[in-house]
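Peer 1: Pasting a structure here, questions to come.
Computed from the coordinates by the stated procedures, all read-outs in this text should not be read as laboratory data. Keep in mind it's a predicted model, so treat the numbers as computed, not measured. We place every Cβ from the backbone using ideal geometry, glycine too, and count neighbours over all the protein chains shown.
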Amino acid sequence: MENMGVVLALLGAVLAALFAGIGSAIGVGIAGEAAAGVVTEDPNKFSKVLVLQLLPGTQGIYGLLIGFITLTQIGIMGGSSDISVAKGFLYLAACLPMAFVGLYSAIKQGKAAVASIGLVAKKPDQFGKAMIFPAMVETYAILALLISILAIFGIAGVNA
Amino acid sequence: MAVVPMKKVLICGLKKDRKGTLELLQRQGVLEISNVLQEDDMFRKMDVTSSKTVFERNAIIAEQAVGILDKYAPEDKGMLDSFAGREILTVEQYEANAGQHDETMKKAYRLQELAKQIGENSAVIPKLEQQMEALAPWKSFDLPLDFKGTKKSVAFIGSIQEEISLEQLREQLGALAPEAETIDLNIVSSSKEQTCLFIVCAKGDADAVEDALKKLNFVKPPLSSLVPAKRQQQLEEELSKVKAEIAGAEKAIADMAPDRDSIKFVMDYYTMRSEKYGVLNGLVQSRRVFLITGYVSVEAAPALEKLLQDKYEVVIEFSEPEEKDDVPVVLRNNKFAQPVEGVIESYSLPGQGEIDPSMVVACFYYVLFGLMLSDAAYGLIMIAGTAYCLTKYKNMEDGMRKFMKMFMYCGISTAFWGFMFGSFFGDAVNVIATTFFNRPDIRLAPIWFEPVSLPMKMLVFAFLIGIIHLFTGLGIKFYTCVRNGSLKDGIYDAVFWYMLVGGGIVYLLTMSMFTDMLGLSFTLPAAAGTVAAVLAVIGLIGIVLTSGRESRSWFKRILKGLYGAYGVTSYLSDILSYSRLLALGLATSVISTVFNKMGSMVGGTIPGAIVFILVFLIGHSLNLAINALGAYVHTNRLQFVEFFGKFYEGGGRKFEPFAIHTKYYKVKEDI
């Protein structure tokens, strides 16, 4: 049981990558369906709808980022992985904002992207605005990422 | 750096010069036509809708012809050729080509006919193939399939939809038609799905046998008076004939490939004419003169006047637009700010009384983009890529050129911040040195600091950039108010906010708890905090008193004022929003690090180097693509939501001059 700390920390890293990745996969997926529909009607809109489709993809990247930073911090990627149980719990908790906010914001962003793709299909000149609606959702993923990053970097200095 | 001032223009010309004048205006493309004049007894509008429709139809036919050519004789196109832009024709070339439009249209019709022929023939092929398939089981049968029998016998030719042996059939027939005695059964062919039969019986038994066969679901084959083998041959001949016809038509289309350019021209030609006729439709004309009204920019006005008066006898009148006029907007900026005009246009052009924000937007755009991507190598790739496209395709369309230039400046900024933060393909320098040269001491040192190791410092820097950005926005608001002659509005809507938000920030900086949290090395003295707090309170009171100033009742005013003061929370979220600079910057460098690490896992051997190169190329292209997209989207967001929210509303109408809106060619006047 003395390795429990690293188990918990790794669980956190994996959850961040897992949930944020699932969210992005769903978000990009539903946006992709809408985008493909638009391209069947007008192939010239491909690049525009592609940009919109990719917007919900960033959560997955943020999840990867948190996962990777955690792995480096706990020494899985080389170095010693001597983590106390308390610290393990701390890492696990630090990863959760990214995991959950990543999951839900990516799905919701995907839906906003679908709506924006519809907007671009009808009014291609409104692309600039269409891009903003999904990007608004992403703010919350970024805030979660921020808290997760700050927490993970902060844990190294905690005596526990 | 501004919105270009516009002049209203009235052109009065002689009817005999109408065609020439309109074509000249179209080639110049500096005049937006507004049909404000109404018909009266003297001036009438001309209805040319029918000719316009004909032109439009011709343009569509030509477009389809080009599509047909592209399908059967594709053009060699490079990946980057879509940047190439339209080809430029001189007026002489244009006239020469235009003279041949009838012949070219004939070619376009011919192409359509050929394509139709191919379509019809292609529809026949599956039918023939189906027939051949149905005939296949009868191949070995040497009588025609419609053979009915001889004088005394009757023949039944057909199939049963199951596999059945001779004995089984005989038994079943015997049970169903016991009275028939003279049945001769032959199996022509049999498979799992069906058994093909040839049955002969005496004439007297025919009815009974037929009934029995009906009960067994006996199906007649495709009839023909030929022996199956012969019929098969006939079908094959037909099929090859149809195929040859298709090939012939395809070849005829491919042979017309050299006409592609002239068909493209004719498409553009009709598009232009239809636009011209659209204008003609709205012109008011008397017996001898016609009138054109519209807008022209102040810069273009003298040249246009001179050009028209040199060529034709026209009267041109310029006048200043009035307040109520819906004046179109066109932006003019220096080389540095021009590229972001497209970004502003995609939001909204400046409305009445607003200034052109291009210059400020440009400065922040490049900085923000660079901070988000922040990798020196990626920046250099962007510079090289855009510079290559810009030099290779000199003829690029304006919008595309602006976009390219914008990314070039963004690339410069990206490279700059990359060096500041010590990122070159992430930590590639160190990884390569460690893995392949065993020199872990070699690394690209950051000029300033590394955000991955000091995220808090980067976060504070991001907030600082955010505060500067937002305060610049407020500054523009103040400037716009003052320029429009109301200093009071400027103070109410900008200065009070400066005091409240600025005072609040300074006050926070005097608290050691706050500065410790942000890891700042200084704490402002308490005296500064007192001053800041006083300023903030004055600002707050000012906002509560003034933000509802359009209401007459004081009660309403204060309520609205309180709601206005609540807007301070939006400043908080706006500033927090700049944390994306940190998040996206970290995303770029961490993902680069992941790829570098993956690549170096095989080690410093030769296969290791090959794996490294592969992972490196794929990984970094992916990372660059995804993060450049992210940086682009989020820079736009910061500009549109946070920055524009402070001062910019937009709503201007884009200047849309009467010009050549074609797909392949543009015509240039040689002056």
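Peer 1: Quick check: net charge around B:LYS556, other residues with Cβ under 12 Å of its Cβ, Lys/Arg +1 and Asp/Glu -1?
Peer 2: Computed value for this residue: +3.
Peer 1: Compute the long axis of helix B:606-637 from its Cα atoms, compare it with the longest principal axis of the Cα atoms of chain B, and write down the angle in degrees, 0 to 90, nearest 10.
Peer 2: Orientation of helix B:606-637: about 60 degrees from the principal axis.
Peer 1: Same structure again: Skipping prolines and chain starts, which residues have an amide H placed within reach, meaning under 5 Å, of the one on B:LEU349, given they are 5 or more residues away or on another chain?
Peer 2: B:GLY651, B:GLY652
Peer 1: Moving on to the next point. Find, among the trypsin sites (Lys or Arg not before Pro) in the stretch B:186-239, those assigned to loop by DSSP (not H, G, I, E, B) with at most 12 other beta-carbon atoms within 10 angstrom.
Peer 2: Of the trypsin sites (Lys or Arg not before Pro), the ones in loops of the stretch B:186-239 whose Cβ has at most 12 other Cβ atoms within 10 Å are B:LYS192.
Peer 1: I've got another one for you. Taking +1 at the Cβ of each Lys and Arg and -1 at the Cβ of each Asp and Glu, which of B:LEU576, B:LEU69, A:ALA16 sits farthest along the dipole of the protein assembly as shown towards its positive end, judged by Cα position relative to the Cα centre?
Peer 2: Farthest along the dipole direction, towards plus: B:LEU576.
Peer 1: Another question about this same structure. For the protein assembly as shown, report the % of Cα-Cα distances exceeding 34 Å.
Peer 2: 68
Peer 1: Okay, next question. Tell me, what ³J(HN,Hα) does each residue in the stretch B:132-137 have, in order and in whole Hz, if you take phi through Karplus 6.51 cos²θ - 1.76 cosθ + 1.60 with θ = phi - 60° and put x for Gly and Pro?
Peer 2: 5, 5, 5, 7, 3, x
Peer 1: Another one. Can you flag which of B:LYS394/B:LYS477; B:LYS276/B:LYS306; B:LYS19/B:LYS116; B:LYS106/B:LYS666 are past 30 Å Cα-Cα?
Peer 2: Beyond 30 Å between Cα atoms: B:LYS394/B:LYS477; B:LYS19/B:LYS116.
Peer 1: Based on the Kirkwood radius over alpha-carbon pairs, what value in µm²/s does the Stokes-Einstein equation return for the translational diffusion coefficient of chain A at 10 °C and 1.306 mPa s?
Peer 2: The estimated diffusion coefficient comes to 97 µm²/s.
Peer 1: Also, I was wondering about something else. Return the sequence-ordered ³J(HN,Hα) values of the stretch B:406-411 in whole Hz as given by the Karplus equation 6.51 cos²θ - 1.76 cosθ + 1.60 applied to θ = phi - 60°, using x for Gly and Pro.
Peer 2: Listing the rounded values in order: 4, 5, 5, 4, 4, x Hz.
Peer 1: Which lysines, on any chain, are close to B:LYS230 with Cα under 28 Å apart, when same-chain ones fewer than 8 places away are left out?
Peer 2: B:LYS127, B:LYS139, B:LYS148, B:LYS151, B:LYS152, B:LYS192, B:LYS220, B:LYS241, B:LYS243
Peer 1: Suppose R0 equals 56 Å. What FRET efficiency, 1/(1 + (r/R0)^6) with r the Cβ-Cβ distance, do A:ASP82 and B:ALA527 give to the nearest 0.05?
Peer 2: 0.70
Peer 1: Give the average, rounded to an integer, of partner chain Cβ atoms located within 10 angstrom of each Cβ in A:142-149.
Peer 2: Neighbouring Cβ atoms belonging to other protein chains average 6 per residue here.
Peer 1: How many Cβ atoms of partner chains, on average, are near each residue of B:578-587 if near means within 10 Å of its Cβ?
Peer 2: Whole-number average of other-chain Cβ neighbours for B:578-587 is 6.
Peer 1: If amide hydrogens are placed 1.01 Å from N in the peptide plane, which non-local residues have theirs closer than 5 Å to the one on B:SER189?
Peer 2: B:CYS196
Peer 1: Just to confirm the number: angle between the C-alpha axis of helix B:554-566 and the first principal axis of chain B, 0 to 90 degrees, nearest 10?
Peer 2: Result, in degrees: 70.
Peer 1: Let me have the relative contact order for the stretch B:389-527, percent, based on Cα pairs under 8 Å that are six or more residues apart.
Peer 2: 13
Peer 1: Quick one: what are the phi-derived ³J(HN,Hα) couplings along the stretch B:113-128, Karplus 6.51/-1.76/1.60 with θ = phi - 60°, whole Hz, x for glycine and proline?
Peer 2: 4, 4, 5, 5, 4, 4, x, 5, 5, 5, 6, 6, 3, x, 4, 4
Peer 1: Against the longest principal axis of chain B, how steep is helix B:526-546, in degrees 0 to 90 to the nearest 10, with axes from Cα atoms?
Peer 2: It is inclined by approximately 70 degrees.
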